[in-house]
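*Asks:* Take a look at the following structure, please.
The values are calculated or read from the model by the stated rules, or taken from the named source; none is laboratory data. Since the model is a prediction, treat every value here as computed from it, not as a measurement. Cβ atoms come from the backbone with ideal geometry, glycine included; neighbour counts cover every protein chain shown. Heads up: the accessible areas ignore ligands, DNA and RNA and are worked out on the full protein's heavy atoms, side chains in. Shrake-Rupley method; radii C 1.70, N 1.55, O 1.52, S 1.80 Å.
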Amino acid sequence: MKIGVISADVAHENRVALTPDAVKKLRKLGFEVVIQSGAGQAAYYSDDSYQAAGANIANSSSDVIADARIITTVNDLPATIVDSLASGQIVIGMLDPYRNTQLDTYAAQGVSAFAMELLPRTLSRAQNMDVLSSQANLAGYKAVLLAANEYSRPFPMFMTSAGTVKPAKVVILGVGVAGLQAIATAKRLGAVVEASDLRPTAREQVESLGGKWLDVPMSEEEAQKAKSTGGYAWTPSEQYMKDQSAVVDKALSGADIVITTAQIPGRQAPRLVHKTTLDKMKAGSVLIDMAAGTGGNVEGSVADQTITTDNGVRIVGAANIPSQLAAQSSDLYANNLVNFITTLIAPAATTEATDNASSNKLTLHLDMEDEIQGALAVTHEGQVRLAKR
């Protein structure tokens with residue numbers, strides 16, 4: 001049974017779905033792998049390295065589609081490729097399911113499509129398949145380096161013969177995986193870091209990394225509600241939102257660097273920084289909007305562009321940061337895919353395939369009752385399974 005990889009559009013994506021190391025793991029499970037020539041080049045994985053790992057090289061994407069049962073991808077497949085898929089084939093990738101306009105086509109083609117973003121992150125057995133965490137971790141790190149490159153002053157405090165250089169003040173809005181990594185990276189570079197999140201429970205994580213929590217007063221009732229839900233399902237009051245906005249506005253007015261990380265799968269990114277706040281910021285300050293690709297957290301941000309406001313604030317629309325660390329992000333992503341693909345193997349075949357990599361008895365078992373497969377499957381047996389949001 002073959003797993004295929006096609007070349008991405010390198011104008012927008014440098015990552016590749018499978019790396020040579022992942023090929024070796026899949027072959028050990030009993031799969032064959034076919035990869036389009038040049039698919040890994042933007043991530044610094046040559047055709048030779050894939051061949052050395054045991055993969056076959058195909059001349060075109062159509063050759064891969066014709067030869068493979070499972071197609072792995074970073075982002076959704078181009079329409080021309082989707083149209084050529086055959087019934088029974090499987091597509092696995094970050095398919096942006098809630099905005100994906102091709103799900104009906106996948107279903108009509110009889111394709112089983114799995115969107116990795118839908119992974120139930122609370123399941124312990126799913127942790128090694130969590131593509132959002134693996135990619136966000138790298139993105140949070142790189143966002144700080146992008147900010148350092150844009151900022152016209154150093155991050156750490158310097159003692160010089162001409163006087164003391166003050167450390168940069170960095171504010172992180174959104175303390176998920178990317179935000180926490182951004183805090184840790186900015187602290188390592190010597191910055192003073194403050195952070196805010198709608199979840200009061202994130203305070204302990206921020207402070208454990210050496211950041212200062214931007215505290216927002218809340219009533220005892222709100223505190224209990226936030227604590228009982230872990231913060232995720234908490235709906236704050238209008239007054240809390242107003243108070244939080246005031247705290248954030250004050251922090252940003254004195255900030256040198258601001259990194260925003262808030263994204264909601266399938267929805268427009270929440271607006272965290274408005275023009276009224278931008279107008280108060282210092283000339284030369286930098287905002288890295290990690291949600292620029294989904295509408296932006298910062299008013300006026302544009303995906304893949306750097307905008308300078310009238311008062312000299314630079315807004316960087318960082319739409320796809322993991323692609324800028326293509327070698328490492330591909331490696332982590334490929335590991336996530338391999339771990340998920342393992343769940344598709346029929347139990348009786350797993351041991352036999354491991355014992356004999358050339359086994360031709362490898363079979364798949366698609367089980368929509370499985371808590372992972374069922375959660376990720378957006379099309380199966382001619383039906384779109386994705387619930388509307």
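*Asks:* I need the chymotrypsin sites (Phe, Trp or Tyr not before Pro) found in segment 39-107, filtered to DSSP loop residues with at most 16 other beta carbons within 10 Å of theirs. Present the calculation step by step, with values, prior to reporting the outcome.
*Replies:* Numbers: sites: TYR44, TYR45, TYR50, TYR98, TYR106; in loops: TYR44, TYR45, TYR98.
Filter output for segment 39-107: TYR44.
*Asks:* Now for a separate question. Which log10 I(q)/I(0) values does segment 39-88 give at q = 0.29 Å⁻¹ under the Debye formula, counting every alpha carbon as one identical point scatterer?
*Replies:* -1.27
*Asks:* Among residues other than GLY374 whose Cβ falls under 14 Å from its Cβ, what is the net charge (Lys/Arg +1, Asp/Glu -1)? Spell out each step's value before the answer.
*Replies:* Working: positive: ARG125, ARG385; negative: ASP367, GLU369, ASP370, GLU371, GLU381.
Charge balance in the 14 Å sphere: -3.
*Asks:* Multiply the residue separation of TYR44 and ARG69 by 0.36 nm, subtract the distance between their alpha-carbon atoms, and state the gained length in nm to one decimal.
*Replies:* Length gained between TYR44 and ARG69: 6.4 nm.
*Asks:* Quick one: what do you get for the chain if you divide its Cα Rg by 2.2 N^0.38 Å?
*Replies:* 1.08
*Asks:* Residue farthest toward the positive end of the dipole of the chain, with Cβ of Lys/Arg at +1 and Asp/Glu at -1: which of GLN383, SER62, SER124?
*Replies:* The listed residue farthest towards the positive side: SER124.
*Asks:* Another question, if that's okay. If you keep only loop residues by DSSP, which chymotrypsin sites (Phe, Trp or Tyr not before Pro) in segment 221-310 have at most 10 other Cβ atoms within 10 Å of their Cβ? Spell out each step's value before the answer.
*Replies:* On the way: sites: TYR232, TRP234, TYR240; in loops: TYR232, TRP234.
When the chymotrypsin sites (Phe, Trp or Tyr not before Pro) of segment 221-310 are filtered for loop state and at most 10 Cβ neighbours within 10 Å, TYR232 remain.
*Asks:* By the scheme Lys and Arg +1, Asp and Glu -1, what is the net charge of all other residues having a beta-carbon under 12 Å from that of ILE81?
*Replies:* On the way: positive: none; negative: ASP9, ASP63, ASP76, ASP83.
Residues close to ILE81 contribute a combined charge of -4.
*Asks:* Distance check, please: which entries in LYS187/LYS242; LYS2/LYS28; LYS169/LYS225; LYS166/LYS282; LYS187/LYS280 exceed 22 angstrom between their Cα atoms?
*Replies:* From LYS187/LYS242; LYS2/LYS28; LYS169/LYS225; LYS166/LYS282; LYS187/LYS280, over 22 Å: LYS187/LYS242; LYS169/LYS225; LYS187/LYS280.
*Asks:* Further question on the same structure: Leaving out ligands, DNA and RNA, and with a 1.4 Å probe, what % of the accessible surface on the chain is carbon or sulfur?
*Replies:* 49
*Asks:* Solvent-accessible area per residue for the chain at a 1.4 Å probe radius, Å²?
*Replies:* The answer is 46 Å² per residue.
*Asks:* Then there's this: How much mean residue ellipticity at 222 nm does the chain get from its helices, if each DSSP H run of length 4 or more adds -39500 (n - 2.57) and you divide by all residues, to the nearest 500 deg cm²/dmol?
*Replies:* Counting only the DSSP helices, I get -10000 deg cm²/dmol.
*Asks:* Using the beta-carbon distance between LYS24 and THR80 and R0 = 30 Å, what value does 1/(1 + (r/R0)^6) give for FRET efficiency, to the nearest 0.05?
*Replies:* Computed FRET efficiency for LYS24 and THR80: 0.45.
*Asks:* Among PRO322, VAL302, THR260, flag the residue with its Cα farthest along the positive direction of the charge dipole of segment 224-334, charges on Cβ as +1 for Lys/Arg and -1 for Asp/Glu.
*Replies:* Going by the charge dipole, the pick is THR260.
*Asks:* While we're here: Answer rounded, prolate or oblate for segment 224-348, using the Cα gyration tensor with square roots of eigenvalues a ≥ b ≥ c: rounded when a/c is under 1.5, else prolate when a/b is larger than b/c, else oblate. Please list the in-between numbers first.
*Replies:* Values: a/c = 3.05, a/b = 1.44, b/c = 2.12.
Oblate shape, in that a/c is at least 1.5 and b/c is the bigger or equal ratio.
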